[in-house]
Amino acid sequence: LAEHYADVTVEGAEVVTRHDLRVTYQFERKELSASELIGRLSARYRIQDLSVREPEIEATIRRIYEERLLDRKPAVGTMAD
């Protein structure tokens, strides 16, 4: 950011880290595009510099695996004696 703001929240994104004028946001691209987020940020704050980073592939694979495990339902069946 170009200057200090007490409140750096923006709808549709979560503040992950904040250090001085640097703020890191996380957002779901299914719900909000990067260009929409940048528009919301620039409408609310003076921005000095900005970068957009994709999540690391390991984190993405881990998230997909964990979501599939959570969505998986136990098999229904009976066992014969």
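Table for the structure above
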quantity	calculated
The range 12-35, subset of a type in the set (D, E, K, R) and more than 25 Å from residue 64 (Cα to Cα), residue surrounded by the fewest Cβ atoms within 10 Å (Cβ to Cβ)	20
Candidates 39, 12 - the one that is on the phi > 0 side of the Ramachandran plot and at pLDDT 95 or above	12
Every pair of residues 6+ apart whose Cβ atoms lie under 7 Å, when the first sits in the range 44-70 and is at negative phi while the second is not in a loop (DSSP other than H, G, I, E, B)	47/41; 50/38; 52/34
Counted residues, the range 1-38 - those being among the β-branched types (Val, Ile, Thr) and either in contact (Cβ under 8 Å) with a residue 24 or more places away in the chain or part of a helix (DSSP H, G or I) (or both)	3
Residue 47 vs. criteria at pLDDT 85 or above, β-branched (Val, Ile, Thr) and part of a helix (DSSP H, G or I)	no
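The values are calculated or read from the model by the stated rules, or taken from the named source; none is laboratory data. Quantities reported herein were computed from a predicted structural model and do not represent experimental measurements. Heads up, the Cβs are rebuilt from the backbone with ideal geometry, glycines too, and the neighbour counts pull from every protein chain shown.
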